[in-house]
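The values are calculated or read from the model by the stated rules, or taken from the named source; none is laboratory data. Small disclaimer: the values here were computed from a predicted structure and weren't measured. So basically every Cβ, Gly included, is an ideal-geometry build from the backbone, and we count neighbours across all protein chains shown.
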Amino acid sequence: MAIQYRVATRADLNPLLPLVEAFAREQQAQLGLHQLADGFMQYAKTGLAQVLEHPAAVVMVAEADGREGPVGYCVGSLQEPPALFRPELYTYISDLYVVPEYRRQGIGTGLVERVRGWGYLKGAFALSMIVPMASAAVGLGERIGMRPIQMMMYAAGQR
């Protein structure tokens, strides 16, 4: 099976939405939450549309031969650290998702490497992403030379 990678365009907005929703649902489940907030998908669609048009951001998609629609996507944006740090531009990955039946085939790594390359061409030589501790993305990051520098903890409120 051949995988093609490319930069998403505005025409990819609606085909990407099922992957965005699946990614959000997986994130919610890891936090022990079972339902997306009201209006989440409209918010996600608006946000993704803005990213697709922003010159300092990129959405990379992976497509498989014989399958309609993307099998994965990765969102990256150029960021600058807070003023107290050295002002080095870096690429921040906010979303990385591969549909379950296509995982463990190098597609996530391919997406991250292509976003990293996009950032490199824009002058960003470092890469950053926030991932859940139990996520496969931790291993992916380690395989491409990333290391954890901070741990963020979250506790869901009781109702």
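Observations on the model:
- Among residues of the range 10-21 that are among the β-branched types (Val, Ile, Thr), those with a beta-carbon under 7 Å from a residue that is surrounded by 13 or more Cβ atoms within 10 Å (Cβ to Cβ) at least six positions away or on a different chain give the pairs 20/44; 20/48.
Yes/no per residue for (1) of a type in the set (Val, Ile, Thr); (2) within 13 Å of the chain's Cα centre (by Cα); (3) at pLDDT 75 or above; (4) within 25 Å of residue 19 (Cβ to Cβ):
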site	(1), (2), (3), (4)
109	yes, yes, yes, yes
116	no, yes, yes, yes
129	no, yes, yes, yes
139	no, no, yes, yes
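- Yes/no for residue 52 being under 20 Å from residue 17 (Cβ atoms) and in a helix (DSSP H, G or I): yes
- Among the residues of the range 19-46, the ones that are touching a helix residue (DSSP H, G or I) at 6+ places or on another chain (Cβ under 9 Å) and among the small types (Gly, Ala, Ser) come to 4 in all.
- Criterion violated by residue 35 - all others in (1) outside any helix (DSSP H, G or I); (2) without any contact (Cβ under 8 Å) to a residue 40 or more places away in the chain; (3) closer than 26 Å to residue 145 by Cα; (4) not aliphatic (A, V, I, L, M) satisfied: (3)
- Unique residue being at pLDDT 90 or above and either among the hydroxyl-bearing types (Ser, Thr, Tyr) or closer than 23 Å to residue 131 by Cα (or both) when the list is 13, 78, 31, 36: 78
- Count of residues meeting criterion [closer than 21 Å to residue 26 by Cα and either at pLDDT 70 or above or not aromatic (Phe, Trp, Tyr) (or both)] in the range 143-159: 7
- Residue satisfying condition, being in contact with a strand residue (DSSP E or B) (Cβ under 6 Å, 6 or more places away or on another chain) and either of a type in the set (Lys, Arg) or over 23 Å from residue 140 (Cα atoms) (or both), within set 75, 51, 59: 51
Every residue, every condition in (1) under 17 Å from the mean Cα position of the chain (by Cα); (2) hydrophobic (A, V, I, L, M, F, W, C), yes or no:
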residue	(1), (2)
11	no, yes
21	yes, no
26	yes, no
32	no, no
51	yes, yes
57	yes, yes
63	yes, no
73	yes, no
76	yes, no
